[in-house]
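Beneath this line is the structure, given in structure tokens, with notes to follow.
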Amino acid sequence: MNAQTISKGPYLIYPLDNTQMTVLWQLSATSSCTLIWGTDLTYSIGTTNTTEYSTSTHQHKYTITGLTPGTKYYYKVSFGTTNLTGSFTSAPDNSATKVSVYGWGDTRDGATNPEKVTTAIDAEIAAHPEYQTLITHSGDWVAADAESNWTNEFFNRTNDAHLLTMQATLAEMGVKGNHEGNGVYFKQYFPYNYPNVSSGCYYSFDYGPVHYTVIDQYNTYTSGSAQYNWLVNDLSTSTKKWKIILLHEPGWSAGGGHANNTTVQTTIQPLCVQYHVSMVVAGHNHYYARGVVSNVVHLTLGGGGAAAYTPASGQSNIVITSTGLSYMRFDFDTDTLHAYAMNDAGSVIDSYTLINATTNVENNEHKSTDVRIIPNPSCGKFDIYCNQDLRGSDFEIYNINGLLVKKVHNANDVEKTSIDVCGQDDGTYILKAIIKGVPITSRMMLIQR
């Protein structure tokens, strides 16, 4: 009989290098362990013996190196007669343009059975192995930052078998919420690569075409602070096509639990506009909500299992809300992002499309003498003419930050397609269409005043 049992894990953290993956686990007592890994169930690539790095917590951690980006690996942790298995897909190549990433948050206390969410995610990955990549957590992992909460809630080994599967197969990168308090156990279990932990649990990482910036809202992040200065440098120096900010308290949400965070509105939002951040992903309110402010998408992903809140109607800048358990999948593909919010049954409750905010319209504009936009500029109504048969063509209009604002299908008109974008903000918009197999991209100017 083993003198020790598994307490937590195995679970995964992405160590910011696409040739590496960190495997972590905790035992109930001191023991040496063996970790083996490979590209199949023979685990033939590597083996190592581990010892606990803390005698008081009996935690083990090992970073596997020498991985090939975008490749599936299997691993096994053994101690005594116990064997625990898992798998992961190493992070994509730095030049990758296509990747899918999950997101969820507010899993604390499990009042509404988060296993329904993890069951749905595990089922998706089983059906679509390409989705086995990474999941982000938008904070409030547990009800309080105490050992008993982490054991009984987020790492619960009794009530949530699908959570254990998800933790063993998806690297999880997240932000500290208000319920993590001063973060003693949060940092113990999620030792991310914090550049200056004395000024906060903030960090950033690249994942294929995406750059994630993670903000600690429980340490100062107003102008002039160490975290703010780091944030400006992080956003201004990233060359990735997609920039996403991950934090806990949303700047724009739908009430019903917590008010909007005004520091996000006054400090973070201007930086989003300046540095072409596509999305701000938050939690805190226990539901799903999507807002758009100055072409920046603001998400509330709080449906991970905490007791549900009821969103208020008529909230400023909020496009849609949904109560109940939820999670998201973000599918990045070249210059396009398709985002899907789903309930615990895996059914889509909201979806939207973005094109890359940093795409240079001038350099990517496909001009054709066959296509004319009249008038252009316009006060809101545009007519698209072409000497090709336009029937069966789809036309999409994006704002300059890449958010799809209008989609029109031409079913019957041979020569003309009319598009009405009245009510949108003044400025430059991008028309995308494929006409008889030829891609068309052109600018449209909306001037209503």
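The values are calculated or read from the model by the stated rules, or taken from the named source; none is laboratory data. Values in this document were obtained by computation on a predicted structure and should not be read as measured data. We place every Cβ from the backbone using ideal geometry, glycine too, and count neighbours over all the protein chains shown. Only protein heavy atoms, including side chains, enter the accessible area calculation; ligands, DNA and RNA are left aside. Shrake-Rupley method; radii C 1.70, N 1.55, O 1.52, S 1.80 Å.
Things worth noting here:
- Search result, residues across region 179-224 that are open to solvent by 60 Å² or more (accessible area, probe 1.4 Å) and within 20 Å of the chain's Cα centre (by Cα): Asn193, Asp206
- Within region 31-53, if we keep just the residues that are farther than 14 Å from Thr65 by Cβ and of a type in the set (Phe, Trp, Tyr), the residue that is least open to solvent (accessible area, probe 1.4 Å) turns out to be Tyr43.
- Any hit, region 164-176, residues being buried (at least 23 other Cβ atoms within 10 Å of the Cβ) and of a type in the set (Lys, Arg): yes
- Looking only at residues in region 362-398 that are modelled with pLDDT under 85 and within 30 Å of Leu271 (Cβ to Cβ), the one that is least open to solvent (accessible area, probe 1.4 Å) is Glu365.
- Candidate set: region 19-30, residues that are in contact with a strand residue (DSSP E or B) (Cβ under 8 Å, 6 or more places away or on another chain) and at pLDDT 95 or above; chosen: the one surrounded by the fewest Cβ atoms within 10 Å (Cβ to Cβ): Gln20
- Odd one out for Asn193, checked against (1) touching a strand residue (DSSP E or B) at 6+ places or on another chain (Cβ under 9 Å); (2) under 15 Å from Asp109 (Cβ atoms); (3) not in a helix (DSSP H, G or I): (2)
- Of residues in region 104-150 being over 19 Å from the mean Cα position of the chain (by Cα) and open to solvent by less than 10 Å² (accessible area, probe 1.4 Å), the one farthest from Tyr340 (Cα to Cα): Trp150
- The set of residues in region 6-18 that are open to solvent by 20 Å² or more (accessible area, probe 1.4 Å) and either at pLDDT below 95 or part of a strand (DSSP E or B) (or both) comprises Ile6, Ser7.
- The listed residues are Ala254, Ala306, Ala289, and the only one of them that is surrounded by 18 or more Cβ atoms within 10 Å (Cβ to Cβ), in contact with an Asp or Glu (Cβ under 7 Å, 6 or more places away or on another chain) and closer than 27 Å to Ala341 by Cα turns out to be Ala306.
- Restricting region 225-241 to residues that are in contact with a strand residue (DSSP E or B) (Cβ under 8 Å, 6 or more places away or on another chain) and open to solvent by less than 10 Å² (accessible area, probe 1.4 Å), the residue that is farthest from Asn182 (Cα to Cα): Leu235
- Matching residues in region 58-94 - criterion: being among the small types (Gly, Ala, Ser), at pLDDT 95 or above, surrounded by fewer than 21 Cβ atoms within 10 Å (Cβ to Cβ) and not in a strand (DSSP E or B): Gly66, Gly70
- Among the residues of region 264-299, those identified as more than 25 Å from Val232 (Cβ to Cβ) and either among the polar types (S, T, N, Q) or in contact (Cβ under 8 Å) with a residue 40 or more places away in the chain (or both) are Asn285, His286, Tyr288, Arg290.
- Every residue from region 292-303 that is of a type outside the set (Val, Ile, Thr) and surrounded by fewer than 20 Cβ atoms within 10 Å (Cβ to Cβ): Ser294
- Looking only at region 333-346, and only at residues there that are farther than 23 Å from Gly208 by Cα and modelled with pLDDT of 95 or more, the one that is most open to solvent (accessible area, probe 1.4 Å): Asn343
- Qualifying positions in region 284-303 - at pLDDT 95 or above and either outside any strand (DSSP E or B) or of a type in the set (Lys, Arg) (or both): His284, Asn285, His286, Tyr287, Arg290, Gly302, Gly303
- Exactly one residue out of Asp145, Asp109, Asp140 is outside any loop (DSSP other than H, G, I, E, B) and either closer than 26 Å to Tyr309 by Cβ or among the β-branched types (Val, Ile, Thr) (or both): that is Asp109.
- With respect to (1) assigned to a loop (DSSP other than H, G, I, E, B); (2) surrounded by 20 or more Cβ atoms within 10 Å (Cβ to Cβ), the lone exception for Val281 is condition (1).
- Just one of the listed residues (Ile434, Ile430) is crowded, with 18+ Cβ neighbours inside 10 Å, under 20 Å from Ile355 (Cβ atoms) and touching a residue at least 24 places away in the same chain (Cβ under 8 Å), and it is Ile430.
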